[in-house]
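Novice: My questions all concern the structure below.
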Amino acid sequence: MTEKFIGYLRLIEACRQGGCPVCRRVAEESRTRLGAILHEHVTDPETRRALRDSWGFCNWHTWMVREVDTSLFGASILYEDLLSQAIDRVTSLVDRPRPKGLGAWLTGLGARLTRLASRDARPDIGDDYGRRPACPLCLTAAETERHCLLTFVACIEDGDLQAAYASSDPLCLAHVLRASEVMSGSPEVRILVERTQEKWQAIRRALRSFVEKHDHRNQTAYTAEDADSYVRAFEILAGARGLFGNDLGAGRGTPRKPNPG
Ligand SMILES: [Zn+2]
Ligand SMILES: [Zn+2]
């Protein structure tokens, strides 16, 4: 069985899991790779080096550790090392020589004011943190996402995938937009968007039905679809929980760059 075909079968399987199928595939692949790191490569020098460079995993992959390594043995080895490195790194924030005497104090004050007045008042360690390479698992997750979207678009008219997506939850907004990027202008993207829009419309109708049934004069019971509709709407707008992070860092500092290697 070729890798491409395995990817196709896994995508069909993801359509049965509930939620955006591409989000499900990306999360599943991340869990598999994280498991391999924690169970097999925790002492591997190359793995350690990559994680030291990236200052550990991102928030999403860090908290995924608890799902994957229930003994937390591999995680403990790894995080002892990462924490030790973090302690060393922040030492530069407290290791500056303290000024002695009034003249030295005034000189130190002048330097602090100059730093605060400059556009970037962070100490060097903040620059290093902002420029750290991307989380290694996010880099592989991005590859999985791209392959998954290419397969989805290229095979959208294939019988098995078409049937699986017909009874699946829809793609999330972010993955519809990314699908249109990876195969920009192709007729298959248009078909995928149209089918996804129909699904979004059905969820919107269920949400409206849920709202209308809140009316005190209403005698009609909620359906399971009504009650689930808000969770589906969350997933459409924001993707699977944790997968796309948050905007806390937006507009602040230097964006984290992918590792060129
Ligand atoms: Zn998604
Ligand atoms: Zn990550």
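Novice: Could you say whether any residue in the stretch 56-79 is in the same structural domain as Ser180 (by TED's automatic domain parsing), open to solvent by less than 40 Å² (accessible area, probe 1.4 Å) and within 16 Å of ligand 1 (Cβ to nearest atom)?
Specialist: No; the residues of the stretch 56-79 include none that is in the same structural domain as Ser180 (by TED's automatic domain parsing), open to solvent by less than 40 Å² (accessible area, probe 1.4 Å) and within 16 Å of ligand 1 (Cβ to nearest atom).
Novice: From the list Leu93, Leu106, pick out the single residue that is farther than 16 Å from Tyr129 by Cβ and modelled with pLDDT under 90.
Specialist: Just one listed residue meets the conditions, Leu106.
Novice: Which of the residues spanning the stretch 29-52 are part of a helix (DSSP H, G or I) and open to solvent by less than 60 Å² (accessible area, probe 1.4 Å)?
Specialist: Selection gives Glu29, Ser30, Leu34, Gly35, Ala36, Ile37, Leu38, Thr47, Arg48, Ala50, Leu51.
Novice: Related question: Answer yes or no as to whether Thr43 is of a type in the set (S, T, N, Q), away from ligand 2 (no atom under 14 Å from the Cβ) and without any contact (Cβ under 8 Å) to a residue 12 or more places away in the chain.
Specialist: When the stated conditions are applied, Thr43 does not pass them.
Novice: Within the stretch 122-132, can one find any residue that is under 30 Å from Ala179 (Cβ atoms), at pLDDT 85 or above and not β-branched (Val, Ile, Thr)?
Specialist: For the stretch 122-132, residues under 30 Å from Ala179 (Cβ atoms), at pLDDT 85 or above and not β-branched (Val, Ile, Thr): present.
Novice: Give the stretch 195-240 a look and list any residue that's among the hydroxyl-bearing types (Ser, Thr, Tyr), open to solvent by 50 Å² or more (accessible area, probe 1.4 Å) and farther than 30 Å from Glu29 by Cβ, or say none.
Specialist: Thr220, Tyr222, Thr223
Novice: Something else about it: For Leu83, indicate whether it is over 23 Å from Arg241 (Cα atoms), at pLDDT 85 or above and either under 27 Å from the mean Cα position of the chain (by Cα) or within 16 Å of ligand 2 (Cβ to nearest atom) (or both).
Specialist: For Leu83, the condition - over 23 Å from Arg241 (Cα atoms), at pLDDT 85 or above and either under 27 Å from the mean Cα position of the chain (by Cα) or within 16 Å of ligand 2 (Cβ to nearest atom) (or both) - is met.
Novice: Condition test on Arg24, is it in a helix (DSSP H, G or I), within 16 Å of ligand 1 (Cβ to nearest atom) and open to solvent by 20 Å² or more (accessible area, probe 1.4 Å)?
Specialist: yes
The values are calculated or read from the model by the stated rules, or taken from the named source; none is laboratory data. If you're wondering where the values come from, they're calculated on a predicted model, not measured in any experiment. Note that we place each Cβ from the backbone using ideal geometry, even for glycine, and neighbour counts take in every protein chain shown. All accessible areas refer to the heavy atoms of the entire protein, side chains included, with ligands and DNA or RNA removed. Shrake-Rupley method; radii C 1.70, N 1.55, O 1.52, S 1.80 Å.
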